[in-house]
Amino acid sequence: MKRIYEELIGDHFIHNRQMAFLSGPRQVGKTTLAEALLPGARYLNYDRSSDARAIIGGPDAVATSVGIDEPASISQGIIFDEIHKFPKWKRFLKGFFDVYGNGLKVAVTGSARLNVYKRGGDSLMGRYFAYRIHPLSVGELAGWTHDLDAPFRKPAEKVGKEVIPSLLRFGGYPEPFLSGNVRFYNRWRSSRRELVFHEDLRDLSRVQDVRGVETLAELLSARVSGGVNYAGLANDLQVAPDTAKDWCGLLESLYEIFSIRPWFANVANSLRKQPKIYFWDWSSVADRGMRNENFIASHLLKSVQWWCDSGLGNFGLYYVRDKQQREVDFLITKEKSPYLLVEAKSSMREELSTSLAYFQKVLRVPYALQVGIDGESSGIDPFAYPNRAIKISAADFLPILI
């Protein structure tokens with residue numbers, strides 16, 4: 001199927017000389033996307049021994065292996081897949097791009113975060129643009145027609161009644177979602193878990209206790225949407241708190257989980273430290289209420305990262321909570337100012353959250369929405385009611401997102 005990222009990254013290759021870094025969870029469709037955007041491109045996968053030997057040999061060895069002889073006249077593309085597993089991959093890409101990047105379209109894909117090297121300084125600065133690839137979403141399945149210069153679609157397009165329940169059941173990874181088959185989904189999920197924890201984890205880290213990290217993921221899946229207490233996790237795992245925190249970082253690097261931190265500017269008695277954890281594969285969360293909130297969180301994260309990656313501005317995703325137990329699940333910021341509050345609910349019948357109206361007033365947020373998963377589409381425009389908290393169905397809200 002055609003992904004929305006084809007438009008965004010296709011535009012990148014038309015207007016930019018930089019490499020395109022495509023990162024995201026394993027089996028989300030990064031390689032398929034790169035091959036669709038660069039038909040006929042040379043493809044090198046570090047997991048394949050012959051390609052690994054060429055990459056280890058350096059830029060000239062790769063150029064020879066793929067037939068690059070005249071750098072100035074190159075018009076084809078090249079895809080490097082899983083190259084982050086090569087310890088010197090940053091130096092390799094810098095050297096390759098500086099010598100052979102003139103006119104060559106270069107895509108780099110990986111199933112672990114390609115920005116982990118920033119801790120030691122970004123030696124590739126100015127040589128790449130990053131694009132974070134997410135699972136399928138309601139907006140992507142609603143019949144995508146999008147203006148790259150606008151963050152939201154208006155008016156919202158109606159989606160089929162089966163789309164949201166199917167996404168909740170099978171997740172947003174293309175293969176299991178398109179299959180719609182429970183047995184295939186169960187086998188796919190088991191196979192993917194094996195790859196992530198018994199290949200990718202060992203490739204990315206020196207962790208010996210793989211089972212311990214798996215157990216941590218299981219513990220976190222029962223604590224979705226709650227603040228993470230590393231001391232409590234450490235006690236359950238019988239490890240040091242710093243170890244539990246490091247393992248959470250590894251799960252984030254492998255795109256198993258993502259964290260949302262609290263927003264505390266202008267919030268009296270706010271909580272400042274505990275992040276909330278969600279899973280990239282929301283279908284792995286057993287509790288219905290937690291899964292529904294995770295589902296909304298994933299859609300918001302996808303949109304926020306798309307807006308940032310496409311150059312629309314500086315957007316962020318947070319939550320708000322104070323010591324009086326008032327909380328709103330999500331806050332989107334725009335240029336570091338509160339822009340949109342979102343409270344996730346399983347049912348449209350639930351009362352409008354008093355915390356939503358409270359934090360809208362305190363933070364002076366233009367828009368505040370309580371999104372009910374089970375509601376049908378009514379065509380309501382969520383931006384027609386500024387400075388007022390309203391209820392809206394997921395069927396009306398999610399299609400305007402990415």
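The values are calculated or read from the model by the stated rules, or taken from the named source; none is laboratory data. In this text the structure is predicted, and so the values were computed from the model without any measurement. Neighbour counts are summed over all protein chains in view; Cβ atoms, including those assigned to glycine, are modelled from backbone coordinates with ideal geometry.
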Which condition breaks for Asn235 when tested against (1) surrounded by 14 or more Cβ atoms within 10 Å (Cβ to Cβ); (2) of a type in the set (S, T, N, Q); (3) part of a helix (DSSP H, G or I)? (1)
Phe295 is checked against (1) of a type in the set (Phe, Trp, Tyr); (2) within 18 Å of Ala217 (Cα to Cα); (3) in contact with an Asp or Glu (Cβ under 9 Å, 6 or more places away or on another chain) and fails just one. What number does that condition carry? (3)
Could you check how many residues of segment 268-282 are assigned to a loop (DSSP other than H, G, I, E, B) and crowded, with 20+ Cβ neighbours inside 10 Å? 2
Residues within segment 322-373 that are basic (Lys, Arg), over 22 Å from Leu401 (Cα atoms) and in contact with a Phe, Trp or Tyr (Cβ under 9 Å, 6 or more places away or on another chain), tallied: 1
Do any helices (runs of 4 or more DSSP H) entirely within segment 283-402 hold 2 or more residues that are surrounded by fewer than 20 Cβ atoms within 10 Å (Cβ to Cβ) and not small (Gly, Ala, Ser), and if so, which? 288-309, 354-363
Suppose the filter is at pLDDT 95 or above, hydrophobic (A, V, I, L, M, F, W, C) and surrounded by fewer than 16 Cβ atoms within 10 Å (Cβ to Cβ); does Ala217 pass it? no
Just one of Pro151, Pro155 is in the same structural domain as Glu376 (by TED's automatic domain parsing) and modelled with pLDDT of 70 or more; which is it? Pro151
Taking helices (runs of 4 or more DSSP H) that do not extend beyond segment 7-106, which have at least 1 residues that are under 27 Å from Pro135 (Cβ atoms), charged (D, E, K, R) and in contact (Cβ under 8 Å) with a residue 60 or more places away in the chain? 30-37
Among (1) at pLDDT 90 or above; (2) out of contact with any helix residue (DSSP H, G or I) (no Cβ under 8 Å at 6 or more places or on another chain), Leu93 falls short only on (2)
If you scan segment 238-259, which residues turn out to be surrounded by 15 or more Cβ atoms within 10 Å (Cβ to Cβ) and part of a loop (DSSP other than H, G, I, E, B)? Val239, Leu254, Tyr255, Glu256
